[in-house]
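Asks: Structure provided below as structure tokens; questions to follow.
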Amino acid sequence: MDERLHLVDWLIVAVPMVLVFYVAMQAQRFVKSVSDFLAAGRVAGRYVVAVASGEAGMGLISVVALFEAYYNSGFAYSFWNQLYVPVGMLMTLTGYCIYRYRETRAMTMGQFFEMRYSRGFRIYAACLQSLSGVVNYAIFPAVGARFLIYYCDLPLVTSFFGWHIPTFALVMALFLSAAVLVVSLGGQITIMVTDCILGILSYPLYAIVVIALLVKFSWSGDMEPSLLDRPAGESMLNPFDIDKLRDFNLFYIFVGLFSNVFNRMAWSGTQGYNAAAINAHEQKMGAVLGTWRAGFQGMMILLLAVAGYTYMNNDKFEDGAAAAREELTWKAVRDVAVEPEFDAIRGEVRRYLDTGEMSADLVTWSSEEHFEDKDENEPLRDMVKEALASEDKSAGQTFGAIHDQMRVPIALRHILPIGVTGVFCALCVFLLISTDTTYMHSWGSIIVQDIVLPIRGRAFTAKQQLRLLRLIIAGVAVFAFFFSLFFAQVDYILMFFAITGAIWLGGAGPCIVGGLYWRRGTAQGAFAALTSGSLLAVGGIIAQKTWVKHIYPWMEETERLPVISTIVEGISRPLEPYVEWRVLPDKFPINSQEIYFLAMLIGVLLYVGISLLTGKESFNMERMLHRGKYRREGEDEVIYEPVTWRTFYKKFLGINSEYTKGDKILAWSVFLYSMLWGFGSFVVLVAWNAISPWPDTWWAEWFKIYNLVVPGIIAVVSTVWFTIGGSIDLRRLFQRLGEKQDNMLDDGRVIGHVSADDVEHVEDIEHDK
């Protein structure tokens, strides 16, 4: 098969993007106020929220990260994700945090913080939030550009009139510029409209890729044998045989569960959607619809990872896999090791790939044991990694990281036929654009709204504020470009997310959850939680980046290594095999997920403890949530029934007076599917295997049923459902945008714990009491 992209593939990519940019330009005429730019005027319906936020939430970097995790650690550990089901379902149906946050009418998390705590905390939190978010986002362009270069087989260097420019930089500049254009045209309005259109266009394209993969590979003949061929303790499919997995294991799942509860809504990468719905009920129902929204998307990503692994490890595809490995290795070497000091190593690697014979120099370089982790299925990768490390250990680490990230994308280009190659490329471009626009908008908005605006203390004109928002958002793009250009990745993408996210997420959760639900939470407790989390996370980043070159050599030179090793390894011993700290020369012993958990735990304890010590009076929740006498004119009053045996099920499902008959059916469908199928099957399988363990072949059949057959049936229905629902709701969005009345005071300022546009309303109420 010719692995290059053909004209038809490029047309499949280009035509939808022309449509999207045309619609974005048409949508910009609706932007008249700051709230339009930040929250799309708060007039979105549930389907637009569900489709657009889903498209924005699953970026291209997320796909590459999942490929990397699945390829290295398999799919068995994800079985334990079903522990999330009852918790996630309860949070979704009750609108946990989402509903109350929308009731505050805050456009950013910082605005809520000033309403709930203080202006000083808003500024402090925004500094940490923007630092964490911008650095976390700053590798998105790198991963996305590198994916397109490897998948599309683009040259590493492009020549223009005698100038030799890295293609990596050109691709990043192209897509960042496109994203800045979309955001600048209309902020959250154009972002939400384009994301919704991209989401609707994606539904049939996901189905095409899924069908192509199922035609190419046989489950029983190709995929299943490949997935079953793993060493004991590292099973791809058996969740009771994963005790030797280090990074993605049961502890990783536990930390994710803990984070889902205590860090609800804390990550603000898609914060524009949190305030975009027409009311709190529509915001919650958009999240409920998210249970069914994914359709073929999740199934496609899983199948692509399985197909990539099968192609690279099944003897049936041995020749193609060998060619893919050689192509990947050579491209990654030239990508990472471009400096003159690597000339000799590159030359010997090229000679080895051409002849199959190792020179004496290559034998010497690759025989040095710089790294403990070896993969018997990837001898070429390990050989080149050691050879590069003989000159510069960090280059070896970066080569290993890039190789593992781009392994599945390279394999997919060898797998997918003409046309389908372009379809998948189009989907990846959609995901890249949607996430870039959303994240740049979020982090840029936080800097302006939650740092500049409260420090300034007085209002901008709408024109000034919109200009500043566009300028700062462009600045985020520039920072991401240069960070991606020079930052060398050495860890899994998901681990990078964990450690950079922990700068903010380590202590943000209790500030949000406590602020929305606990009257006793104080600014002092919030300050303590955020500070502890950020210090632990930053310390972890520094330790990880300096371990190989500085910390470990220092411990050896000062002869402190034996003592420190004994202490560190002794602390983790009671938690083995799921937490296993080993003091080795090539990697910091505590991984990013473990640092993240420690930061969260300490943050929760400090928030509760210090709030109890410093709290003197209860906070006025009704005023902040616009409930009771503070309800805004024109909004329906929600009747909250007392909890009794007769009303318990309604409380559990989140049903209140706002629910229509259709809403109740939707809530019950989510409950029954999640509890009876998702969590019910999990409980049955755990109990069954505790009594009589399944053989691996049974787990292979279960994997097929649970991850392919049932989701495939649901995807057929949801593809039609959300295509129609999203299209109708998008038309309604444009109608509401044309009819709404703008309030120029709704600009994100807070005066005396009250939003500026609510001050007159609150003063009238409290004056009359």
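FYI, it's all coordinate maths here, none of it is from the lab. The shown structure was predicted, so the numbers you read here are calculated from the model rather than taken from an experiment. Neighbour counts are summed over all protein chains in view; Cβ atoms, including those assigned to glycine, are modelled from backbone coordinates with ideal geometry.
Asks: Can you tell me how much longer the chain between His550 and Arg456 gets when fully stretched, taken as 0.36 nm per residue apart minus their C-alpha distance, in nm with one decimal?
Replies: Length gained between His550 and Arg456: 29.6 nm.
Asks: Related question: Identify the trypsin sites (Lys or Arg not before Pro) of the stretch 436-530 meeting these criteria: DSSP loop state and at most 16 other C-beta atoms within 10 Å of the C-beta.
Replies: Numbers: sites: Arg456, Arg458, Lys463, Arg467, Arg470, Arg519, Arg520; in loops: Arg458, Arg519, Arg520.
Passing sites in the stretch 436-530 are Arg458, Arg519, Arg520.
Asks: While we're here: Set the Förster radius R0 to 41 Å, insert the Cβ-Cβ distance between Ile728 and Lys463 as r into 1/(1 + (r/R0)^6), and round the FRET efficiency to 0.05.
Replies: Efficiency, rounded to the nearest 0.05: 0.75.
Asks: For the residue pair Asp243 and Ser618, what label-to-label distance in nm results when each label sits 7 Å from Cα along the Cα-to-beta-carbon direction?
Replies: So the two model labels end up 5.1 nm from each other.
Asks: Which links in Lys244/Lys316; Lys385/Lys549; Lys244/Lys393; Lys393/Lys587 stretch past 20 Å when you go from one Cα to the other?
Replies: The answer is Lys244/Lys316; Lys244/Lys393.
Asks: Counting each DSSP H run of 4 or more residues in the chain as -39500 (n - 2.57), what helix-only mean residue ellipticity at 222 nm follows after dividing by all residues, to the nearest 500 deg cm²/dmol?
Replies: -22000 deg cm²/dmol
Asks: Here's something else I'd like to know. Quick one: net charge around Ile493, please, counting Lys, Arg +1 and Asp, Glu -1 for every other residue with C-beta under 11 Å from its C-beta.
Replies: Around Ile493, the charge tally is -3.
Asks: Which pairs break 32 Å Cα to Cα here: Lys331/Lys704; Lys664/Lys740; Lys216/Lys664; Lys629/Lys661; Lys661/Lys740; Lys32/Lys616?
Replies: Values: Lys331/Lys704 34 Å; Lys664/Lys740 29 Å; Lys216/Lys664 42 Å; Lys629/Lys661 28 Å; Lys661/Lys740 28 Å; Lys32/Lys616 43 Å.
As for pairs spanning more than 32 Å Cα to Cα, those are Lys331/Lys704; Lys216/Lys664; Lys32/Lys616.
Asks: Moving on. Can you list the residues, at least 5 places off or on another chain, whose amide H is less than 5 Å from the amide H of Gly419, using H built in the peptide plane?
Replies: His6, Asp9
Asks: Right, next: Between the alpha-carbon centers of the stretch 658-702 and the stretch 552-589, tell me the distance in whole angstrom.
Replies: 41 Å
Asks: Another question, if that's okay. Counting other C-beta atoms within 10 Å, which of Thr190, Thr270, Thr660 has the fewest, and how do the rest follow? Numbers along the way, then the final one.
Replies: Working: Thr190 28, Thr270 21, Thr660 10.
Fewest to most other Cβ atoms nearby, the residues stand as Thr660, Thr270, Thr190.
Asks: Just to confirm the filter: which chymotrypsin sites (Phe, Trp or Tyr not before Pro) across the stretch 248-316 are DSSP coil and have at most 13 other Cβ within 10 angstrom of their Cβ?
Replies: Hits after loop and neighbour filter: nothing returned.
Asks: With Cα Rg over 2.2 N^0.38 Å defined as stated, name the option among (1) 0.96; (2) 1.06; (3) 1.75 computed from the structure displayed.
Replies: Structure-derived value, by its label: (1).
Asks: 7 Å from Cα along Cα→Cβ at both Arg573 and Glu368: what's the point-to-point distance in nm?
Replies: With each label point 7 Å from Cα toward Cβ, the separation is 3.4 nm.
Asks: What length, rounded to one decimal in nm, is gained on full extension from Lys32 through to Glu559, with 0.36 nm per residue of separation minus their alpha-carbon distance?
Replies: Using 0.36 nm per residue and subtracting the Cα-Cα distance, I get 183.1 nm.
Asks: May I ask you to list the residues of the stretch 406-434 whose amide nitrogen lies under 17 Å from a point 7 Å from Cα along the Cα→beta-carbon direction of Leu181?
Replies: The answer is 429-434.
Asks: Moving on. Based on the mean of other beta carbon atoms within 10 Å per residue, what is the order of 154-166, 8-20, most packed first?
Replies: Final packing ranking: 8-20, 154-166.
Asks: A further question follows. Gain in length, Met17 to Ala543, computed as 0.36 nm per residue apart minus the alpha-carbon separation, to one decimal in nm?
Replies: Contour length minus Cα-Cα distance gives 185.1 nm.
Asks: If exposed means no more than 14 neighbouring beta carbons inside 10 Å and the site is in a DSSP loop, what's the longest run of the chain without any exposed GluC sites (Glu not before Pro)?
Replies: Answer from the scan: 1-356.
Asks: With θ set to phi - 60°, apply the Karplus curve 6.51 cos²θ - 1.76 cosθ + 1.60 along the stretch 55-72 and write out the HN-Hα couplings as whole Hz, x wherever there is a Gly or Pro.
Replies: 3J(HN,Hα) across the stretch 55-72, in whole Hz: 5, 6, x, 9, x, 4, 5, 5, 5, 4, 5, 5, 4, 4, 5, 5, 5, 7.
Asks: Here is a follow-up. Taking other Cβ within 10 Å of each residue's Cβ, how do Thr398, Thr167 sort, fewest first?
Replies: Fewest to most other Cβ atoms nearby, the residues stand as Thr167, Thr398.
Asks: Continuing with this model, one more query. Nearest 10 degrees is fine. How inclined is helix 680-691 to the longest principal axis of the chain, computing both from alpha carbons?
Replies: 50 degrees
Asks: Using a 7 Å offset from the Cα along the Cα-to-Cβ direction at both Ala323 and Trp698, what is the distance between the two label points in nm, to one decimal?
Replies: For the pair Ala323/Trp698, the computed spacing is 4.2 nm.
Asks: What is the distance in Å between the Cα centroid of the stretch 312-363 and that of the stretch 171-248?
Replies: Distance between centres, Cα-based: 27 Å.
Asks: If you keep only loop residues by DSSP, which trypsin sites (Lys or Arg not before Pro) in the stretch 530-620 have at most 12 other Cβ atoms within 10 Å of their Cβ?
Replies: Sites meeting the loop and neighbour criteria: Arg560, Arg582, Lys616.
Asks: Taking K and R as +1 and D and E as -1, what net charge do the other residues with C-beta under 13 Å from the C-beta of Thr522 add up to?
Replies: Charge balance near Thr522 sits at +3.
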